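I have placed the structure first, in the form of structure tokens, so that the comments after it can refer back to it.
The values are calculated or read from the model by the stated rules, or taken from the named source; none is laboratory data. None of these values were measured; they are calculated from a predicted model. Cβ placement follows ideal geometry from the backbone for every residue including glycine, while neighbour counts extend to all protein chains displayed.
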Amino acid sequence: MGDAIREQDPREEFLVGYQEETPLEIKHIQLEAGMPQDTVNKNLCKHTQDAQTFLVAPTKGMAYIHGTATNMTVCIEDSQHPLIIESGEQCSIVAKDYLDNHCPNWEKQLFPSKENNFKSASGKIKSIGTIIKEIIIPHGKGNIRLNPELVVLEDFHIHGFLLGTDYLRMYGIDIYNSKNRHITIGKNKGKKFSLDIYQRSAHEPLEELLNGFIEAQLRTNLTSKQKLSLPKMLRKNRPSFVIGEEPLGRIRGHDIELYIDVERPYQPMVRRPQYPESLQTMK
């Protein structure tokens, strides 16, 4: 008989090659371990028929009213300011107009920086520097203090401070869009910070207010800036003025006492109206 053929044992291990990898820091390894799984772009349009469908759906044509802004009221330099938490912005920003109106002497805290490339739908936005603001986020079980560096934009209009993804990742701020929308900061997921809820129907456009003063007469010596600020002032204090639902107004000190007399003779407005004449009498 010839020599028997010796089968290769699959359990045998063969050393093909080894290349020493560059050492990685512990924080980089932990960061990659906590990242979500990567999706393969080439298989995005496959198996679309097996996709699950959510049964909850808003009324058609009314979906836009269910969204709310990710805003919260914070304390900056012993005064309250709105903070917008924006997960779609790569850096934290603030508008120059807002600093001029709400933060005096802010130019003394400005740090020069190189001109960054910021763009919007209307064109390129110019940055004039950076500023550091101490932000206090209030909470009943202990406040949180942040010191973000914000980019000051000149041709940009936003009411408040905008916190971008640069500090959302640094501080570990997560946004939860549950029934009661809130955020968490850091590893303490049990400490929830509530978000302000703004209803779109409560904010009327300024153009509607300007066109609503049909019978109003403004003084001729008012400047255009004063005429523009007048509707804002009236809108802010409109609960104190007479409106259709409350014709007596809400000003304290001008209360009116009304007495309704139920004894005869009745007042003219309280009397019952007379019966209409019959058709035969009218003829």
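To keep it simple, each residue is scored yes or no on (1) touching a Lys or Arg at 6+ places or on another chain (Cβ under 8 Å); (2) of a type in the set (Val, Ile, Thr); (3) modelled with pLDDT under 75; (4) not in a loop (DSSP other than H, G, I, E, B).
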{"site": "Ile183", "(1), (2), (3), (4)": "yes, yes, no, yes"}
{"site": "Leu222", "(1), (2), (3), (4)": "no, no, no, no"}
{"site": "Ile243", "(1), (2), (3), (4)": "no, yes, yes, no"}
{"site": "Glu246", "(1), (2), (3), (4)": "no, no, yes, no"}
Selection status of Cys91, modelled with pLDDT of 65 or more and either surrounded by 10 or more Cβ atoms within 10 Å (Cβ to Cβ) or touching a strand residue (DSSP E or B) at 6+ places or on another chain (Cβ under 7 Å) (or both): yes
Filter result for Leu83 (within 22 Å of Asp196 (Cβ to Cβ) and surrounded by 13 or more Cβ atoms within 10 Å (Cβ to Cβ)): yes
Subset of segment 94-127 (residues that are surrounded by 10 or more Cβ atoms within 10 Å (Cβ to Cβ), among the charged types (D, E, K, R) and at pLDDT 85 or above): Lys96, Asp97, Asp100, Glu107
Residues of segment 127-179 satisfying the condition of being of a type in the set (Gly, Ala, Ser) and in contact with a Pro (Cβ under 6 Å, 6 or more places away or on another chain): Gly129, Gly160
Which listed residue is in contact (Cβ under 8 Å) with a residue 40 or more places away in the chain and farther than 23 Å from Leu195 by Cα, from Glu134, Glu77, Glu154: Glu154
Whichever residue in segment 64-80 is over 12 Å from Ile158 (Cβ atoms) and surrounded by 15 or more Cβ atoms within 10 Å (Cβ to Cβ) and, among such residues, is modelled with the lowest pLDDT: Thr70
Hits in segment 176-198 - residues which are surrounded by 11 or more Cβ atoms within 10 Å (Cβ to Cβ) and of a type in the set (A, V, I, L, M): Ile183, Ile185, Leu195
